[in-house]
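Have a look at the structure below before the remarks.
Quick note: the coordinates plus some simple rules give every number you see, no bench work behind them. Being a predicted model, the structure only gives us computed values, none of them experimental. Cβ sites come from the backbone with ideal geometry, for glycine too, and all protein chains shown count toward neighbours.
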Amino acid sequence: MPTTSADPFTQGLDYLYKVRSLALEPDMVHLVDDLTHRIPVCIWIGKHIEAVNAQLSACLQACRDCFHPWDQPAIQIFAAPLAQSFGIDALCNLRTYPTTILVDVGRIMTKDWLLVVAHEYAHAYVGSAGHHQQFARSLSHLCLGLGIATPLCSPANEESLRFYPHCSPTSDPLAFWRGEDRDWEGYAANAHFFLPSID
Ligand SMILES: [Zn+2]
């Protein structure tokens, strides 16, 4: 997000509108319309979202590095608070260019951000939202490169692939977005230490 002279709340609200336009449907980023809860969240976003997105970009780059340079689709990644009613931690929007990955970093423990990015990257790589064999191969390739246990790739396994790799959920997704997640601050201070070293 370009730095402007706008106050943090306005910057945060602008950011929410931006990620809403990149979601599969606008209602997925419902906080824009939640006049009660959006104020502290927008202010926190305005102050901290660049640092959060830098962490996600590092995860994205780690996934990219698992493939040859000519075999890396154009992908952008952003953190976004996703509506609880959709029950998803992240999404891959193949209708945008570049392909967009949105991650609700409030719903997943910081140590598992790379895992959820790898899952969405596998969708972006095959260009499909399905959890079929092609997706399984893409995800397995990423898991090997990132040092994550590979999934079982049998045709009967599509349902488990939907939730692979397993990510630890947080108890209160909005707590992160209100700035109450001290865990994340530790990771941010030690930039990238949770990423595997890739040769
Ligand atoms: Zn999936």
Residues in region 41-55: is at least one at negative phi and within 16 Å of the ligand (Cβ to nearest atom)?
-> no
Evaluation of residue 133 against (1) within 12 Å of the ligand (Cβ to nearest atom); (2) free of Cβ contacts under 8 Å to residues at least 60 places away in the same chain (one fails), failing number = (1)
Just one of (1) more than 22 Å from residue 178 (Cβ to Cβ); (2) surrounded by 17 or more Cβ atoms within 10 Å (Cβ to Cβ) trips up residue 9, so point out which.
-> (1)
Conditions (1) surrounded by 18 or more Cβ atoms within 10 Å (Cβ to Cβ); (2) over 21 Å from residue 178 (Cβ atoms); number of the one not met by residue 20 | (2)
